[in-house]
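Structure first, commentary second.
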Amino acid sequence: MYYEGYAAWQRHRKSSPATIHTYTLDLKTAETMLKKPLKDATESDIWRYATWLTDVRKLGSAARAKKMYALRSYYKYLRVKRIRTDDPTENLDIPRAQKRTPKYLTYDEMTRLKNTAQTPLKQAIIAMFYATGMRVSELVSLNKRQINWEAHRITIIGKGDKEREIPVSSTALTAVKRYLQTRNDNNPAVFVNSTGKCISKRTVQRYISEAGQAANIKRIPVSCHNLRHTYATHLLNKGIDINALKKWMGHSSINTTMIYAELLTETEDQLYTQSLPKGM
């Protein structure tokens, strides 16, 4: 299948396995809909596919944009490999996804969430999310050798296998040590399941969701990603330099990190309005 070459090209470009998998599925969907190989598709075919996503699939702007980016990436690959010289997506207007405001927990909600954790494993997971802001994929792949216990630092392997070293609190490290003392396996992974194998993303996501329910937090969904938002927002609220936060979160662009700074500006405006005397 010629998508294998495309996938190899994406791996060479350090794209994440999740991105490669999603883009490949999107390409196969487009080919099935058009009933012809994408390498032979015309600009008219691409317009027809874009219309189908809107009118038949009823996808929102963000979902359509992702599928269009998959096509654009694929035709770039074809041009690089000199399989095609043109780009049938060149004149396609990719929908601009609506800017989403990050959802995060308040300090009180975060305290309640931590207090719901009844086992050393769940206590360690919640503590590490809040202390590092790491992605769930980074947490489940974390090995013991990546933790520098003395320096209170962790080396995280993020998207595209890029490494970054970040600080971690003594509170989180104490929770991890307490959890590791309950284990008797030889798995180098920091977090494992009941059989001693590496814990799965789905299991961690379920733990966090259940903890949110136990803490009776209904204002926003309690998820791994929203804990990452909570980490960033709380640090900026405490005055952490935004460039340091960009590095710690593994953002490739400062614009991604700036979303949290803008969120704080909105929060400050709300606090100002709420603090004014009535009628002023």
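The values are calculated or read from the model by the stated rules, or taken from the named source; none is laboratory data. Please read these numbers as outputs of a predicted model, since none were measured by experiment. Because the Cβ atoms are built from the backbone with ideal geometry, glycine has one as well, and the counts that use them run over all protein chains shown. For the accessible areas, the whole protein counts, side chains as well, though only heavy atoms, and no ligand, DNA or RNA atoms are used. Shrake-Rupley method; radii C 1.70, N 1.55, O 1.52, S 1.80 Å.
Under the rule of at least 5 residues apart or a separate chain, name every residue whose amide H is placed under 5 Å from the amide H of residue 158.
Amide H neighbours of residue 158: 163, 164.
Work out, step by step, the length gained on full extension between residue 209 and residue 22: first 0.36 nm times the residue separation, then minus their alpha carbon distance; give nm to one decimal.
Stretched fully, the residue 209-residue 22 segment lengthens by 64.9 nm.
Put a dot 7 Å past each Cα toward the Cβ at residue 29 and residue 115; how far apart are the dots in nm?
4.3 nm
Go through 9, 149 and list them by solvent-accessible area, largest first, probe radius 1.4 Å.
Details: 9 30, 149 65 Å².
Reading off the accessible areas and sorting them downward yields 149, 9.
Whole Å is fine, so just give me how far the alpha carbon centre of the range 116-183 lies from that of the range 184-257.
Spelled out, the Cα-based centre of one part sits 10 Å from the other.
Any idea how far apart residue 58 and residue 40 come out in nm if each label point goes 7 Å out from Cα toward Cβ?
3.4 nm
Find how much the distance from residue 148 to residue 185 grows on full extension, using 0.36 nm per residue of separation minus their present alpha carbon separation; answer in nm with one decimal.
Extra length from residue 148 to residue 185 when fully extended: 11.2 nm.
What Kirkwood radius, in Å to one decimal, follows from the Cα pairs of the chain?
For the chain, inverting the mean 1/r across all distinct Cα pairs yields 21.7 Å.
Helices from the chain with mean Kyte-Doolittle at least -1.0 and a Cα length along the axis of 30 Å or more, per DSSP H: which?
Taking the DSSP H segments of the chain (at least 30 Å long, mean hydropathy at least -1.0), we get 254-275.
Sorted by average packing, counted as other Cβ atoms within 10 angstrom per residue and highest first, what order do 59-68, 194-203, 133-142 take?
133-142, 59-68, 194-203
Would you report the distance distribution of C-alpha pairs in the range 32-86 as whole percents per 5 angstrom bin, up to the bin with the largest distance?
Cα pair-distance distribution for the range 32-86, in percent: 4, 18, 27, 25, 16, 6, 3.
Expected output is a single nm value to one decimal: the length gained when fully extending between residue 93 and residue 163, i.e. 0.36 nm times separation in residues minus the C-alpha distance. What is it? Intermediate values should be presented prior to the final figure.
Values: separation 70, 0.36 × 70 = 25.20 nm, distance 3.49 nm.
Extra length from residue 93 to residue 163 when fully extended: 21.7 nm.
What are the residues whose amide H is under 5 Å from the amide H of residue 192, where those residues sit 5 or more places off or on another chain and H is modelled from the backbone?
199
Using the Cα gyration tensor of the range 171-235, with a ≥ b ≥ c the square roots of its eigenvalues, what is the shape: rounded (a/c below 1.5), prolate (a/b larger than b/c) or oblate (neither)?
prolate
In nm, to one decimal, how far is the residue 253 label point from the residue 11 one, both placed 7 Å along Cα→Cβ?
2.8 nm
Sum up the lysine pairs in the range 1-102 that clear both bars: alpha-carbon distance under 15 Å and a spacing of 8 or more or different chains.
Counting lysine pairs in the range 1-102 gives 10.
Can you give the charge dipole size of the chain about its Cα centre, rounded to the nearest 20 debye, using +1 on the beta carbon of Lys and Arg and -1 on the beta carbon of Asp and Glu?
Its charge dipole is roughly 620 debye.
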